[in-house]
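*Asks:* Let me give you the structure first, and then I'll get to my questions.
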Amino acid sequence: MTRQSAVVKREKSLAEQIIVILIFSVFMSIFIRYFLKNEQNFTNAGFSNIAASFAGQLSVIRGQWFMNNQPQQLRLDETDNVGQSLPKRLVNVNINGWVDSTQRNGLACQKIWQMVMNTPLMFMNKPISAIEINHQMQDLSGKLNSVKIIRGCRYALSSQQYFDYFPEHGTVSNDQK
C-alpha cells in the first residue's frame, strides 16, 4: 500500500464518520423536537395510568376487606418482583370498605396515598400534591335543595393534572386540564 492510498483511505474514513455524525444529529434533533412537542401528552397519559393504578389498588383492598369479613383494618400480604414476602401493610378502611384515614389534621390524603400506593407522592421526579377537598353533591333522595358535602382527596401535579378520590363511596375521578 502506497503512502498516497493510505492518505486517501484515511480521508474517506473521516468523511464517512462525518456523514454518520450528521445523520445521527439530524435524527436526534427530530426526536427531541417530537418529544418536547408531545411531552404534555406523555405526562397526561402517565398520570392517567397513576389514577387507574390507584383505583385498581382500591378495588383489590376492598375485595380483601370482603374476604376478611369486613374488619376496620386490613393487613395486606405483599410480595416484591422476585417473589420475596414483604412486611405486612396495615390499611384503614371505612364502614363501606374503602380506604380512609382517621387523621383530620390535613395529612389524611397523604396517609391514604401511602396506604393505597405504598410509594412516595412523586411522578416523573415531580411532587404530587395531596389536598383535602369538600365536594358538594346534590342529594338524590328527592328533597328539594338538599346538598350533601362529601370529603375527598385531590392528587395533583403542578401542571394542572389531577384526580379525586372520595372515600365515602370509593370513586376515583380522573379530570385532565
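The values are calculated or read from the model by the stated rules, or taken from the named source; none is laboratory data. Since the structure is predicted, the reported quantities are computational estimates derived from the model, not experimental observations. Glycine also receives a Cβ, built like all others from the backbone with ideal geometry; neighbour counts cover every protein chain displayed.
*Asks:* Could you list all residues from the range 137-160 that are out of contact with any Ser or Thr (no Cβ under 6 Å at 6 or more places or on another chain) and either at pLDDT 90 or above or of a type in the set (Ser, Thr, Tyr) (or both)? Step through it out loud before you land on a result.
*Replies:* First pass over the range 137-160, keeping only residues out of contact with any Ser or Thr (no Cβ under 6 Å at 6 or more places or on another chain): 137-138, 140-155, 157-160.
Correct list: Ser141, Ser146, Gly152, Cys153, Arg154, Tyr155, Leu157, Ser158, Ser159.
*Asks:* So is Leu90 of a type outside the set (Ser, Thr, Tyr), surrounded by fewer than 13 Cβ atoms within 10 Å (Cβ to Cβ), farther than 17 Å from Arg154 by Cα and out of contact with any His (no Cβ under 8 Å at 6 or more places or on another chain) or not?
*Replies:* On the way: of a type outside the set (Ser, Thr, Tyr): yes; surrounded by fewer than 13 Cβ atoms within 10 Å (Cβ to Cβ): yes; farther than 17 Å from Arg154 by Cα: yes; out of contact with any His (no Cβ under 8 Å at 6 or more places or on another chain): yes.
It is true that Leu90 is of a type outside the set (Ser, Thr, Tyr), surrounded by fewer than 13 Cβ atoms within 10 Å (Cβ to Cβ), farther than 17 Å from Arg154 by Cα and out of contact with any His (no Cβ under 8 Å at 6 or more places or on another chain).
*Asks:* Only one residue in Gly46, Gly56, Gly63 is surrounded by 12 or more Cβ atoms within 10 Å (Cβ to Cβ), without any contact (Cβ under 8 Å) to a residue 12 or more places away in the chain and in a helix (DSSP H, G or I), so which one is that? Spell out how you get there, then give the answer.
*Replies:* Values: Gly46 fails: without any contact (Cβ under 8 Å) to a residue 12 or more places away in the chain; Gly63 fails: surrounded by 12 or more Cβ atoms within 10 Å (Cβ to Cβ).
The unique qualifying residue is Gly56.
*Asks:* Filter the range 93-108 down to the residues that are surrounded by 14 or more Cβ atoms within 10 Å (Cβ to Cβ) and of a type in the set (A, V, I, L, M), then identify the one that is nearest to Gln73 (Cα to Cα).
*Replies:* Val93
*Asks:* Same structure again: Say we look at the range 109-135 and pick out the residues that are without any contact (Cβ under 8 Å) to a residue 40 or more places away in the chain, part of a strand (DSSP E or B) and under 14 Å from the mean Cα position of the chain (by Cα); which of these is surrounded by the fewest Cβ atoms within 10 Å (Cβ to Cβ)?
*Replies:* Once the filter is applied, the top-ranked residue is Met122.
*Asks:* Output the number of the condition that Ile128 fails; it satisfies all remaining conditions of (1) modelled with pLDDT of 90 or more; (2) farther than 17 Å from Ser53 by Cβ.
*Replies:* Of the numbered conditions (1) modelled with pLDDT of 90 or more; (2) farther than 17 Å from Ser53 by Cβ, the odd one out for Ile128 is (2).
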